[in-house]
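Q: To start, I am sharing the structure in question, which I have written as structure tokens.
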């Protein structure tokens, strides 16, 4: 059985307690709960490999569900499900042309963050291959 660590004023930072001059500015600029919840949902949406693939394809051009399904080797139903979820989070948007609905990314912010993440992974992979 492990012992619980008691982090009271005597055991924290040599007995001086929290560094209030460092904590107060952070606490006053902390993100609002609603913002944190929305960010969490957004990152959760981007944690799905299929949605990442969809967004990367839609960064190149708008496509209908049939085209996305073909490009990803998935069923139209599976793609439609992912697009529906992505639309609720405003990762993608659509437009109708007759009976066909075309999808594209919702805005440049999403693509910018996705591209930064891809660049970061590329950077890490290059570092690992040289080290």
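The values are calculated or read from the model by the stated rules, or taken from the named source; none is laboratory data. Because the structure is a prediction, the values reported are computed rather than measured. Here the Cβ is made from the backbone with ideal geometry for all residues, glycine too, and neighbour counts use every protein chain on show.
Q: Just to verify a result, which residue in the range 99-112, among those that are part of a helix (DSSP H, G or I) and surrounded by 14 or more Cβ atoms within 10 Å (Cβ to Cβ), is nearest to the chain's Cα centre (by Cα)? If you could, list the steps in order and put the result at the bottom.
A: Initially, the range 99-112 is screened for residues part of a helix (DSSP H, G or I), giving 108-112.
Remaining after also requiring surrounded by 14 or more Cβ atoms within 10 Å (Cβ to Cβ): 110-111.
Numbers: 110: 8, 111: 11 Å.
Per the criteria, the residue is 110.
Q: Okay, next question. Of all residues in the range 88-98, count the ones that are modelled with pLDDT of 95 or more and either under 18 Å from residue 113 (Cβ atoms) or within 17 Å of the chain's Cα centre (by Cα) (or both). Before you say what the answer is, go through the steps one by one.
A: Just the residues of the range 88-98 that are modelled with pLDDT of 95 or more, to begin with: 92-98.
Within this subset, residues satisfying the condition of being either under 18 Å from residue 113 (Cβ atoms) or within 17 Å of the chain's Cα centre (by Cα) (or both) are 92-93.
Within the range 88-98, residues that are modelled with pLDDT of 95 or more and either under 18 Å from residue 113 (Cβ atoms) or within 17 Å of the chain's Cα centre (by Cα) (or both) number 2.
Q: Among the helices (runs of 4 or more DSSP H) contained in the range 1-82, which hold 3 or more residues that are surrounded by 10 or more Cβ atoms within 10 Å (Cβ to Cβ), at positive phi and at pLDDT below 80? Step through it out loud before you land on a result.
A: On the way: elements: 20-28, 33-45, 49-58, 65-72.
By residue number, no helices (runs of 4 or more DSSP H) qualify.
Q: Suppose the filter is under 13 Å from residue 105 (Cα atoms), in contact (Cβ under 8 Å) with a residue 24 or more places away in the chain and surrounded by fewer than 16 Cβ atoms within 10 Å (Cβ to Cβ); does residue 86 pass it?
A: Details: under 13 Å from residue 105 (Cα atoms): yes; in contact (Cβ under 8 Å) with a residue 24 or more places away in the chain: yes; surrounded by fewer than 16 Cβ atoms within 10 Å (Cβ to Cβ): no.
Considered against the rule, which asks whether it is under 13 Å from residue 105 (Cα atoms), in contact (Cβ under 8 Å) with a residue 24 or more places away in the chain and surrounded by fewer than 16 Cβ atoms within 10 Å (Cβ to Cβ), residue 86 comes out as no.
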